Amino acid sequence: MPTLSKIFDKRKILLYQNESLDLDHYYQEPYQDENDEIKEMSKPFETDESKKIRSLDLINENRTYSGFGYFMDGSRRTYKIGDMVLEGKKIYPVVVAQVRAGCTERDRQKKLHTYGLIQRKNLLLLSDTMNEVDFQEIRQRILKTKMAEGLLLDIVKYHFDLTKDSVPVNAAIAKANSMMHDMEINILGKMVNSGILEPNRMLIVDGPLRFIRQDTGKPEFADMFYNVVGVSKSFDPMLPTSNKSKRGGTQIGAELLKLEYGQRTPVFLKENSKHRKFGC
């Protein structure tokens, strides 16, 4: 079976392989709302439109009931395995990724089990600076190997944009992330079409409901999220609570530090770059 470097060499592209570098540990994990393009986050999205802190009655509240029946999460692991030289002068990283997405159901008896199939993809990510003929030739040669067949491997391109990514490897990670989100939207679409999501059987998604790259701009896309809540475990504390923050307004981190046990902020109304409005 030809080695990866020999396959690249047939197209006169130098590939310098190295020991696998775990990018998820080498690079700091970004905030889950990183690059979230917020146009508005100033109006409380509740019947009570005051901006005062809300207190929760954790003692008397009935906590045996939950309106959530499903939990969806994605997983992405990325590794740099080498660098390739393109046009004889430019170096771009070669990255592999393991991407997964799945859903857990809590049934009426409060037992947990997997809902549907876990979606899996293994990826080899190459720069789109490579010309199309070379890319397709390399892709086909790799896919014909027994190793690729056993790994369910696909070869895809990533696009490095200096205005968005500090280094090319970040663009490869972002591409793998985007494909993970594609899987999550695919799972959500099937759940919506089957009619299982209801106000008393809602879905929690790990992370914000941002899916900007997957947004078709059509009403049908937004309709999928009627019974869905996103939960971010990490977010940028400098996120503005209004469009005045750049001129000295309040940032979300300052608001959170004011909270005591059993308190929450109001639900805010947010608008992203696709003009989607939602509560957070």
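For LEU162, are the conditions met, namely being free of Cβ contacts under 8 Å to residues at least 12 places away in the same chain, surrounded by fewer than 17 Cβ atoms within 10 Å (Cβ to Cβ) and assigned by TED's automatic domain parsing to the domain that holds SER5?
Details: free of Cβ contacts under 8 Å to residues at least 12 places away in the same chain: yes; surrounded by fewer than 17 Cβ atoms within 10 Å (Cβ to Cβ): yes; assigned by TED's automatic domain parsing to the domain that holds SER5: yes.
Yes: the conditions hold for LEU162.
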Sort out which residues of the range 184-212 are crowded, with 19+ Cβ neighbours inside 10 Å, over 10 Å from the mean Cα position of the chain (by Cα) and in a helix (DSSP H, G or I), and write them in order of number.
-> ILE187, LEU188, MET191
Within the range 94-118, count every residue that is crowded, with 16+ Cβ neighbours inside 10 Å, at pLDDT below 95 and either under 26 Å from LEU23 (Cβ atoms) or hydrophobic (A, V, I, L, M, F, W, C) (or both).
-> 0
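Looking at LYS121, is it within 30 Å of PHE68 (Cβ to Cβ), among the charged types (D, E, K, R), assigned by TED's automatic domain parsing to the domain that holds SER20 and surrounded by 13 or more Cβ atoms within 10 Å (Cβ to Cβ)? Don't jump to the end; show me each part of the working.
Working: within 30 Å of PHE68 (Cβ to Cβ): yes; among the charged types (D, E, K, R): yes; assigned by TED's automatic domain parsing to the domain that holds SER20: yes; surrounded by 13 or more Cβ atoms within 10 Å (Cβ to Cβ): yes.
Answer is yes for this residue.
Yes/no per residue for (1) part of a loop (DSSP other than H, G, I, E, B); (2) under 27 Å from GLY207 (Cβ atoms); (3) in contact with a strand residue (DSSP E or B) (Cβ under 7 Å, 6 or more places away or on another chain):
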| site | (1), (2), (3) |
| --- | --- |
| GLU49 | yes, no, no |
| GLU61 | yes, yes, no |
| GLY74 | no, yes, yes |
| CYS103 | no, yes, yes |
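The values are calculated or read from the model by the stated rules, or taken from the named source; none is laboratory data. Predicted model only: the values in this text are computed from it and were never measured. So basically every Cβ, Gly included, is an ideal-geometry build from the backbone, and we count neighbours across all protein chains shown.
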